[in-house]
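Engineer: The structure under discussion is supplied below as structure tokens; questions concerning it will follow.
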Amino acid sequence: MKLKNIVLSALSIVTLASCSDQMEYKEFSTYDAEYIKKKFERAGGLLSTIYADLDYDFGNYSGAMLSSATDESVYSHSGNAIESFYNGSWSPTNANGSLWTTCYHGIAYCNLFLDEFNGLKFEDYELDKNYDAEMYQYNNYQWEARWARAYFYFLLVRQYGGVPLIVNNMSADEANAQPRATVEEIFKFIDDECVAIKDTITKDYGDLGNLAMSPANNGRANNLAVLALRARAALYHASPLFNPDNNTELWRKAAEANYAVITECTSRGMGLGDYAGLFKGDTNWSDAAAMREIIFGRRMPTETNTFERYNFPVGMSGGGAGGQGGNCPTQNLVDAYEMTNGKLITDPESGYDPQNPYKGRDKRLALTVACNGDTWPNVNTTPLETFIGGVHGMPTTYATTTGYYLRKYVSESVKISADGSTAATTSKHVWVTFRLAEFYLNYAEAMFNLSGSGYSAANGFTMTPEYAINIVRRRAGQPNLPAGLSSSDFKSRYENERFVELAFEGHRFFDVRRWKEADKYFKTIRGMQITKNADNAFTYTPTVIENRQWQDKMYLFPIPQSEILKAGNLTQNPGWE
């Protein structure tokens, strides 16, 4: 049977996507199945298709990130598709994104590999000197495929709730007849898969049976990625969106799973290093300090400057054209960064000066947000003028509407256009899927909900929520959380810590949803209006720039209407019927 026919049978419920391979493998999707089964690298090529479907967000909505559908940022181009998340035009026929298609494409390839190309022996190569090493690597593919399949189901459940659970290569008719599994069934599947493979998938791709591995294999999932997936999924399962009865057993499992990530990472000498280095895609995949914290990163296939063009300031000097403004951080986010003394800027004793608002702030602010007066990026030799009438400010087309530009993940050394003497340059980009700091915060949340206090542990654990959060804060140079916070104040400080530490990493959109707190965070979006005075000083005036719509049905996405029509047993999410 032709492999392309197998693939078409497996993928009839989805649209085939053309994705480049971030690990530099070839995709063999038009050859005979027997052709694939003859060589190690041909079977391995199927894995590249699976990895290419993993998620990232370098501006998936024509430059806009999901952050711009939250209180993290505002996209400076009006009329962008990201606005449909909050302007009333979101619907099953305008379902916002292709994750359903992409995930089931990846799942189908996982099932295809596991059903059709697992357990091969490659007898023709038994006498080769590298045969044992090649088989060691090949035998690991099945665990990678099972990890990826579980990860795709995590992406689906956090976005849609229960979805069809398809774990075998099946015909189009069979696939389209599958009903939605429950949320509990999907989370159980993810957890069961992670438990089944966590001790069999490799720990170290630098030591695969003495097979010399190329640097491209840094992008593969190892057992830490399995533990990380299990831990994140457990936290989501325990959260109010999926745990309306507040079953404390789910919080216990979440605490246990996230603690397991922490202990396994620290036992290998991993820890929290240079915050800025985590998001430099040209170096983070190979830098020892960054890799000390990064558990898994989704490596992009080619070097580009597209993300920089989207997000560099308009009107840059220093040669070459300006950027397109892009995902401009909000005042909501900027206000969340404490003073270096650990006090919130709303605290009268913090020392915050509203007319010198960026002085004495948590250093993560300057690493995430570019502010008025900053000299950034490298090619821009004029300090940023984000004030009204400034070179990089309103009313220039696409200028920041919030008073800020995005710095995190943006390669500041890139030159986005050529001039008379030098060419445009590009950069690698790596989306950080899992890193250790997240799991300290995850553990803190789970333990806080389990013990009922920010300062105590439960169920035999000794690490308190406060202790876990303070590990993350100390890396940033911030003092420990205050002692004696009430439960409500501790919860607010935790959520604030997560907001600033994980900004623009794809968490905020789903964190606020799983907490069911969108009314609190997502409706009023603020910016900073900056005016330049006659004496060249500035006046800073926080202002509301958007009032956004919210309906509780938006905690979950609508299932695309096209999928409802083709699948007889597929029901729509509540409120989207």
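The values are calculated or read from the model by the stated rules, or taken from the named source; none is laboratory data. Predicted, not measured: the structure shown is a model, and the values here were computed from it. Don't worry about glycine lacking a Cβ; one is built from the backbone with ideal geometry, like all the others, and counts go over all protein chains shown. What goes into the accessible areas is simple: the full protein's heavy atoms, side chains included, and nothing from ligands, DNA or RNA. Shrake-Rupley method; radii C 1.70, N 1.55, O 1.52, S 1.80 Å.
Engineer: Dividing the convex hull volume of the alpha carbon atoms of the stretch 149-299 by its residue count, what do you get in Å³ per residue?
Structural biologist: 150
Engineer: If the limit is 21 Å between Cα atoms, which of Lys343/Lys408; Lys188/Lys253; Lys280/Lys363; Lys408/Lys532 go over it?
Structural biologist: From the list (Lys343/Lys408; Lys188/Lys253; Lys280/Lys363; Lys408/Lys532), the Cα-Cα distance tops 21 Å for Lys343/Lys408; Lys408/Lys532.
Engineer: How much mean residue ellipticity at 222 nm does the chain get from its helices, if each DSSP H run of length 4 or more adds -39500 (n - 2.57) and you divide by all residues, to the nearest 500 deg cm²/dmol?
Structural biologist: So the helix-based figure for the chain works out to -11000 deg cm²/dmol.
Engineer: Given 0.36 nm per residue, what is the gain on full extension from Tyr136 to Ser317 after removing their alpha carbon distance, in nm?
Structural biologist: Length difference between fully extended and current span is 59.8 nm.
Engineer: Under 1.5 on a/c is rounded, so check that first for the stretch 466-534, then, if it is not, pick prolate when a/b is larger than b/c and oblate when it is not; a ≥ b ≥ c are the square roots of the alpha carbon gyration tensor eigenvalues.
Structural biologist: Oblate shape, in that a/c is at least 1.5 and b/c is the bigger or equal ratio.
Engineer: Same structure again: Relative to the longest principal axis of the C-alpha atoms of the chain, give the angle of the C-alpha long axis of helix 131-160, reported between 0 and 90° and rounded to the nearest 10°.
Structural biologist: It is inclined by approximately 50 degrees.
Engineer: Given that compact globular proteins tend to follow 2.2 N^0.38 Å, what is the ratio of the alpha-carbon Rg of the stretch 103-204 to that value?
Structural biologist: Cα Rg divided by the expected 2.2 N^0.38 Å: 1.24.
Engineer: Using amide H atoms built 1.01 Å from N in the peptide plane, name the residues 5+ places from Ile295, or on other chains, whose amide H lies under 5 Å from its own.
Structural biologist: Phe434, Arg435, Leu436
Engineer: If you take all C-alpha pairs in the stretch 476-577, what percent of them are over 19 Å apart?
Structural biologist: So the portion of pairs separated by more than 19 Å is 67 percent.
Engineer: Cross-link candidates for Lys37: which lysines have Cα within less than 19 Å, leaving aside residues fewer than 8 places away along the same chain?
Structural biologist: Reachable lysines: Lys2, Lys4, Lys26, Lys121.
Engineer: Considering Cα pairs under 8 angstrom that are at least six residues apart, work out the relative contact order of the chain and quote it in whole percent.
Structural biologist: 18 percent.
Engineer: Once amide H atoms are built 1.01 Å from N in the peptide plane, which residues 5 or more positions from Ser427, or in another chain, come under 5 Å H to H?
Structural biologist: Long-range HN contacts for Ser427: Thr304, Asn305.
Engineer: To one decimal place, what Kirkwood hydrodynamic radius in Å is obtained for the chain from all pairs of distinct Cα atoms?
Structural biologist: Its Kirkwood hydrodynamic radius stands at 25.1 Å.
Engineer: Let me ask something else. Scan around Ile545 for amide H atoms under 5 Å from its own, H built in the peptide plane at 1.01 Å from N, and keep only partners 5 or more places away or cross-chain.
Structural biologist: Ile525, Arg526, Gly527
Engineer: Further, regarding this structure: All other residues with a Cβ under 13 Å from the Cβ of Val74 taken together, and with Lys, Arg as +1 and Asp, Glu as -1, what is their net charge?
Structural biologist: Surrounding charge for Val74 is -2.
Engineer: Something else: Cross-link partners among aspartates and glutamates for Lys415, C-alpha distance below 19 Å, same-chain residues fewer than 8 apart left out?
Structural biologist: Hits, sequence-local ones excluded: Asp282, Glu303, Glu308, Asp374.
Engineer: Going through the stretch 281-358, which GluC sites (Glu not before Pro) have at most 15 other Cβ atoms within 10 Å and a DSSP loop state?
Structural biologist: Here the sparse-neighbourhood loop sites are Glu303, Glu349.
Engineer: Using a 1.4 angstrom probe, figure out how much accessible area the chain has per residue, in square angstrom, rounded to the nearest whole.
Structural biologist: 39
Engineer: Before anything else, pin down the relative contact order of the stretch 27-180: Cα pairs under 8 Å, at least 6 apart, normalised by residue count, whole percent.
Structural biologist: With pairs under 8 Å counted, the relative contact order is 25 percent.
Engineer: Now a separate question. Relative to the longest principal axis of the chain, what angle (0 to 90°, nearest 10) does the C-alpha long axis of helix 99-116 take?
Structural biologist: 30
Engineer: At a 1.4 Å probe radius, carbon and sulfur cover how many percent of the accessible area of the chain?
Structural biologist: Heavy-atom surface of the chain belonging to carbon and sulfur, 1.4 Å probe: 48 percent.
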